[in-house]
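Some notes on the structure that comes next.
The values are calculated or read from the model by the stated rules, or taken from the named source; none is laboratory data. Here the structure is a predicted model, which means the values were calculated and not measured. Counting neighbours? That spans all protein chains shown, and the Cβs are built from the backbone with ideal geometry, glycine included. Side chains are part of the model used for accessible areas, which takes the heavy atoms of the whole protein and leaves out ligands, DNA and RNA. Shrake-Rupley method; radii C 1.70, N 1.55, O 1.52, S 1.80 Å.
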Amino acid sequence: MTSETTPAQQSLLPLPQLPVAPLAEGQVAVEGIVSQQVFVSPDADFAVLRLDVAGQLRPVVVVGALAGLRVGETVRIIGRNEQHERYGQRLRADQALPQVPVTRLGVERYLATLTGLGPELARRIVAELGQTALTALEEETFRVSQIKGVGKKRAQRALLDARARREEREVMIFLQGLGISAAYASRIRKQWGQAAITKVRENPYALAREVSGIGFHIADRIATAMGVEPLSPLRCQAGVRHVLQTACDSGHCYLPERELGQRSVVLLAPPLPDDAPPNSPPPPTDEKLQECISGAIATLRSHGETLHEGEAVYLAALHQQEVELTRQALRLQGTIRTRIPTITEHDISLRLADGQRAALQRVESSPLSIITGGPGTGKTTIISALVRAYLRAGLRVCLAAPTGRAAKRLSDATGHTAKTIHRLLNLIPGERGRSTKDLEVDLLVCDEASMLDLSLAVTLLQAVPGGATVVLVGDVDQLPSVGPGRVLADLIDSERLAVTRLREIFRQKEGSGIIDNAQCILRGELPQSGPSDGGLADFYWIEVEDAQKSRETVVRLVSERIPQRFGFDPLTDVQVLTPMHRGEVGTEELNRALQAVLNPAVAAQAKEPSTAPVKTTFYVGDKVMQVKNNYELDVWNGDIGVIIGRDEEEDLLLVRFEDERQVAYDPTAREDLELAYAVSVHKSQGSEYKAVVVPLHIQHYPLLRRNLLYTAVTRGKRLVVLVGGRRAVRRAVTQTGDLLRYTGLRERLRSILPG
């Protein structure tokens, strides 16, 4: 850059050219002028455009992540042709590279779209200045301003618009030149704007931290393309941070420093590729890598990103949450309640067992208490008794649960409105752990408390005012939360809070095989199948050892045998729960098999796939689950619905959820939908289904645990069918406890609260 270049001109200068990757098999490249925006999604991540291409009589229809492309712009599209049954041939874009227009037509159309100009002035400018008109606007604006009808103000406004668009082009070309897809490039540009180039050059690993959907591995590939060394401090710090975040995603609150180092070595020392040239330098030695990782751990600590307690290394936010949850428990334990209703069976018109009376007495004596027990032990009866007593005394009651399904069940059982914790607290989108309000409440009951992770538990208790009563209700024998921590178990194991364990089971008159077998599983015993004489039961175990036969059995049970024998709707009444996503009896294969049988559109081999670039092809009639909280759409992790329609023109899917709400999904939101004919046992927490089918196979070996099988079985309300080999079931019932989770809450409570 010369010393004569002005700051205004610097942003208009082209970046160094990046090498253009060769087209992959099946890809085509076209260059043309955008003539029409047929559809642009509200977030501009997805668009349908018409492109005028030289030599072609009809426009080319292009679909994909075409963010920021306007009518009149020249663009080079790299993608694949596809044939749509309704809309015909179109090009699905893998890359969209904006170009500086060079033809007279291209320059004229581009100028016509700039602020302050228009078709007539654009025609005059090109007639006067020819193909150099755009360069003249950017470098000699006064020449454009002298053309009749333009003037200084119009020329300046057009220049500012052209400069902004050039900046967008530079960002998109730079990012896609690094091998980043158009969709990810669009996200990065929207997140950082023109600063994207500087930020990526300074630290490509910042992508993993700040841009949704880009994790360490994608950022690492980008960094490698930019020449970042394997032992770069930036890479090692990003790797250590990723290991800690991955541990958090697996439920840990911290990692021991030694284990953190070991996991980081595995992540950061990939083997030399088989096709590496003979003279390629060897990968870094373990000693050098460990030295780099040790330095990274120390740097993250000095920067305040991590916090160390002895050998425990926490992400700073998780440490803060653990400390804060302990503080909130101490605050609530020490609160003075001004009004506590006396709860008698006469006043609440309910007959209670001894354990239930004991639970209510503990609620009366302690501002923060826990009630735990399995299915059929009367937890809901206790909640109903509390609600009646507090309302009778004119006090304020709030009922909450972590999921929408659990909240609805609680409302139905008590006759009092229950809400998800997110809705109750008006949690601020994108600011996890913050609530927009404090609760005005005398009694707060949170059901399904085993699902509370550290962040949600902290947020809930922070919103409770002093003087209120808090009751956490849940089954501690179930799986812990999907998020970090084992909050309910740690609160109970600390032995510092009032806890009632309900053990007496209130069976149906005819008995309950589901509840009986749930207790068998907790005792480490094999479950017992229903009668083989043709009589109906609510629990069956079909022994199948072969994985493929297990999958075929599950499909037949859901689609034929259960509907015929019990009259259940296979789509809305029957749910398949499986331990893992991969494998022949994982969610992926089961969903494909069940979709092909249960959805008529798929069964008839419909040739109308979704028009969006999503991981799974969805069809009208598919059963789907939302897998992330979406505040804007007001849908939450675990919500299940059915696709009831598609708007082809605007590329929207319409989903009806179980509470009859209808939500329109654009391509971006659709990334958080998964098929839900089969879901993981973890995803089923807080839910109940009329009928549950549970395949267990030795392929699931790493996850076969007592609490997993117990959780799956207790999701069934009227029927449970276990499909699995004896080896797999035996392992599941004999492996006690959860997979190890590193948490410090129990010891914090023990050290602070009185015994």
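Taken over the range 656-673, the residue count meeting the criterion of being without any contact (Cβ under 8 Å) to a residue 24 or more places away in the chain and polar (S, T, N, Q) is 1. Does the range 138-152 contain any residue that is loosely packed, with under 14 Cβ neighbours inside 10 Å, within 29 Å of Ala47 (Cβ to Cβ) and without any contact (Cβ under 8 Å) to a residue 40 or more places away in the chain? For the range 138-152, residues loosely packed, with under 14 Cβ neighbours inside 10 Å, within 29 Å of Ala47 (Cβ to Cβ) and without any contact (Cβ under 8 Å) to a residue 40 or more places away in the chain: absent. Note on the range 641-655: among residues that are within 20 Å of the chain's Cα centre (by Cα) and either farther than 18 Å from Lys628 by Cα or without any contact (Cβ under 8 Å) to a residue 24 or more places away in the chain (or both), the one that is least open to solvent (accessible area, probe 1.4 Å) is Gly641.
Would you say Val473 is closer than 30 Å to Leu360 by Cβ and either open to solvent by less than 50 Å² (accessible area, probe 1.4 Å) or over 33 Å from the mean Cα position of the chain (by Cα) (or both)? Yes: the conditions hold for Val473.
Does Arg392 satisfy the criteria of being closer than 17 Å to Pro341 by Cβ and open to solvent by 10 Å² or more (accessible area, probe 1.4 Å)?
Against the criterion (closer than 17 Å to Pro341 by Cβ and open to solvent by 10 Å² or more (accessible area, probe 1.4 Å)), Arg392 qualifies.
Of all the residues in the range 733-745, those that are in contact (Cβ under 8 Å) with a residue 60 or more places away in the chain and either in a strand (DSSP E or B) or more than 28 Å from the chain's Cα centre (by Cα) (or both) number 3.
Condition check ((1) without any contact (Cβ under 8 Å) to a residue 24 or more places away in the chain; (2) farther than 30 Å from Gly394 by Cβ; (3) among the aliphatic types (A, V, I, L, M)) across all residues:
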position	(1), (2), (3)
Cys446	no, no, no
Met451	no, yes, yes
Val473	no, no, yes
Leu479	no, yes, yes
Val487	no, yes, yes
Ile492	no, yes, yes
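Can you tell me which residue in the range 318-345 is nearest to the chain's Cα centre (by Cα), limited to those that are hydrophobic (A, V, I, L, M, F, W, C) and surrounded by 16 or more Cβ atoms within 10 Å (Cβ to Cβ)?
Among them, the one singled out is Leu318.
For the range 666-679, a residue qualifies if it is at pLDDT 90 or above and either over 12 Å from Gly638 (Cα atoms) or of a type in the set (Ser, Thr, Tyr) (or both), and the qualifying residues are Tyr677, Ala678.
Would you please name the residue that is surrounded by the most Cβ atoms within 10 Å (Cβ to Cβ), looking only at residues in the range 714-753 that are aliphatic (A, V, I, L, M) and over 30 Å from Arg561 (Cα atoms)?
Here the residue is Leu745.
Among the residues of the range 195-208, are any part of a helix (DSSP H, G or I), closer than 20 Å to Val100 by Cβ and of a type in the set (Gly, Ala, Ser)? Yes, the range 195-208 contains at least one residue that is part of a helix (DSSP H, G or I), closer than 20 Å to Val100 by Cβ and of a type in the set (Gly, Ala, Ser).
Of the strands (runs of 3 or more DSSP E) lying entirely inside the range 387-490, those carrying at least 2 residues that are modelled with pLDDT of 95 or more are 397-401, 443-446, 469-474. Across the range 207-245, the qualifying residues are those that are open to solvent by 60 Å² or more (accessible area, probe 1.4 Å) and of a type in the set (S, T, N, Q), and the one among them that is nearest to Gly483 (Cα to Cα) is Gln245.
Among the residues of the range 44-66, count how many are open to solvent by 10 Å² or more (accessible area, probe 1.4 Å) and of a type in the set (Val, Ile, Thr).
Within the range 44-66, residues that are open to solvent by 10 Å² or more (accessible area, probe 1.4 Å) and of a type in the set (Val, Ile, Thr) number 4.
Applying the condition of being open to solvent by less than 10 Å² (accessible area, probe 1.4 Å) and more than 18 Å from Gln528 (Cβ to Cβ) to the range 703-713 and asking which residue is modelled with the lowest pLDDT yields Leu704.
Inspect the range 160-178 for any residue being at pLDDT 80 or above, over 16 Å from Leu66 (Cα atoms) and open to solvent by less than 70 Å² (accessible area, probe 1.4 Å) and give the result as yes or no. Among the residues of the range 160-178, not one is at pLDDT 80 or above, over 16 Å from Leu66 (Cα atoms) and open to solvent by less than 70 Å² (accessible area, probe 1.4 Å), which makes the answer no.
Might you let me know whether the range 332-350 holds any residue that is among the hydrophobic types (A, V, I, L, M, F, W, C) and farther than 21 Å from Tyr390 by Cβ? No, the conditions are met nowhere in the range 332-350.
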